Structure formats: C-alpha cells, structure tokens
Ligand code: NCD
C-alpha cells in the first residue's frame, strides 16, 4: 500500500464507505474528524470507540456497522503501515488481505526452515530484537511456540511466568511492571488471567515515548487472537484443494462460553464467504451473546445445537474444545455431560471422509486419543503450525516480512 499519511488514507476510505452506506457528506466529515482525532490520540481511544459502538444499544445498525468497519480500517492501517505500533490485541483488527498474506508468509517460512541455509537466513532477520514473554497464566503450547518462533528469527527472549518472582509482589502496579519490561525489550507477548490487560498495556505503550508492540497471547476467558490466526492457517491448508474456508460448515464443540479460542476464531470467520458456523454445547456453556451479535451484524450464518451426533455428518470441520473448569466459581463444570459432547471412534464413523478434526489442546475427556491416528485429525499439525504462524506474525510485527523472498 502506498502511504500518504494515515489521515488522508483513512478519510478517503471513510468517504467511500460512507457513500456506500448512504451517509451524508456532512455526517461523513464529522465521523472522519472523530476517527482521525481518535487515531492520533491512541489505540486506546480506538478500542474505546469500538466497545462503545458495540455496546451502543441506541445506535441504529447502519451507523453502528459503519463505525465498526471504520475502526477495523484504522486498526488495520495501524498494523500494516506502522510496524512499530502494530499491537496484536483482538481478531477484529485483521482483514482478509492480512490473513491471506499471513498464511502465505507462514508457508514460506516453514519451507525455508526445512533447509540449513534457509534456517540460517531466518536467524539473521531479527537478531537485533528482544522479546519479553510475560505469561502469568499457565501455558505450554503458546509459550513454547512463541519462544521458539522468536529463536527461529534470532530474537532473544526473557520471561516472567510467575508474578511472585517480579516486583508485583512488592506492590508495583501492573502498568509500572509493563513499562519496566518495555525499557529492555522490543515486543511484549503476554498471557493473563484477566481480560483487557493486553489492551491496557497497548494503551500505555501508545502514551509513552518508547512504544513497543504488545501481543495478546490469551486474555482470560475473552480472546486468544494468535490461536485464531493459526487455526485459520490450519483450516485453509486442510481445505487447500477444496477452495479454502469459503463455503465450509464448521462445528465448534465444548465449553464455548468460557473458551477464548472459539470466541476469537468466530470473529475471524467474518472474513470468509458463505461459511456456516454450528455451536454445539449445553445451554449453560453455549457461546455468549456478544459473539452472536457480531455474527448477526456481519450476516454470518450460524446455529446452536445441544448434541454433536445429529449435526456431525453436515460438518466439514469440527473444532473440539475442553471444559474450562479453572474458571469455575461454583463448580459449574460438574453440570457438563461429556457423553453428548465427545469425539471418539464412533464419531469418526459419521464424520465426512474429508472432514477435519481440530482442537487447540490441551485435551480432556472430550477427545479420545484413539482418534489421533485418523488422517482427519489435524490437531498435532495445528499445534506445530502455531510456531510457524507466530514466526510470520513476528516478521510482520517488525515490518521485516519483505526480507523473506516470496519467490
Ligand atoms: C488454549 C488456551 O489457552 O486458551 N490453549 C492454547 O493456547 N493452545 C485452549 C485451552 O486451554 O483450552
């Protein structure tokens, strides 16, 4: 994209968008001014605007979707044109062009890493960068894949996995801790128990002179944007010879209320044509209304089901998830009946011959290990894809993707 300054880029695309939505030039000018103002203030203002827009019950659907699309454009412009500020906070910041490019880059780095020369070349791309892995919520895959993705690119890493080993125990505020980390590194990758902490850290970065990107590696029950990116990559590859994700029916099963991976992946589905999403869970664990509202606003076809077997033959992909019992406050998980939400050898018999079985892992009793040997089970590949996608994401975060020859 040629870059003529964010304001001109944004206002031009806003004017086109406004015209297509039947919004008057005066209304457009006002909205443009608001957005450009917000853009210059901070990412926090944009996020605030998005949340206000999402929650504005009095706002009629047209201006509401208009504002959301403007926000998305502004965040995408920020990510694409301002590598130094490209926080990764929420899947809604990505558009189809970004996703397609990221998938292509992921495949390219995977291929390069297969040879000694390619692996060496990747190591030379970012040895001048340092990353902080701030993971105060348990993690195996996301931590290891980010850590190894950094090492693939020559990025040195430091980590905090237990807040009791940081000055937070001396009463230092979260904000001061983050600001301290940012003094020493060039990117902070963070996983936290609570939602909103990556956004708060990004807002802090946008206020200080030494601003570095923040990557959300899982925020409580809310979002897990990088898992959604690797899930998209895995789905696209699995459906490679069948037109990709467009036109596919994807089922999501398990604790959809508290499972952030499905919440994030559902957001990304707005970028694909003619998809049908089927949410399979007991009522008490069904996907929350904020996601449903988003699907409705984006005209995505969805349905809710209370059992897997009746709908399984219609699915091109089934995304199985575990019960998130660590979020129980009153033993809620005890009410979950695994017998209706389980994938095992019997379910293999009724899944399409070219169906795909995914799971973000770790697994619980919902997914029988006997399924692992079936060629339709792609979750171990999905796990490994995560590392390569994170290599690609780090390249884009630092604006170094052009150094990988797309050949
Ligand atoms: C997921 C998570 O942490 O949200 N795991 C992962 O990142 N691969 C899924 C889960 O814990 O259930």
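Quick notes on this structure:
- Cα centroids of region 215-271 and region 147-194: 26 Å apart.
- Per the Kirkwood formula applied to alpha carbons, region 225-378 shows a radius of gyration over Rh ratio, Rg over Rh, of 0.93.
- Based on alpha carbons, the Rg and Dmax found for region 92-163 are 14.2, 39 Å.
- Rg in Å to one decimal, and Dmax rounded to a whole Å, for region 207-275 via C-alpha atoms: 14.7, 48
- Spatially, region 109-145 and region 291-348 are offset by 33 Å when compared through their Cα centroids.
- Percentage of interatomic Cα-Cα distances in region 155-245 larger than 19 Å: 50
Any read-out appearing in this document is the output of simple, stated calculations on the displayed coordinates, not a laboratory observation. Just so we're clear, the structure is a prediction, and the values are computed from it rather than from any experiment.
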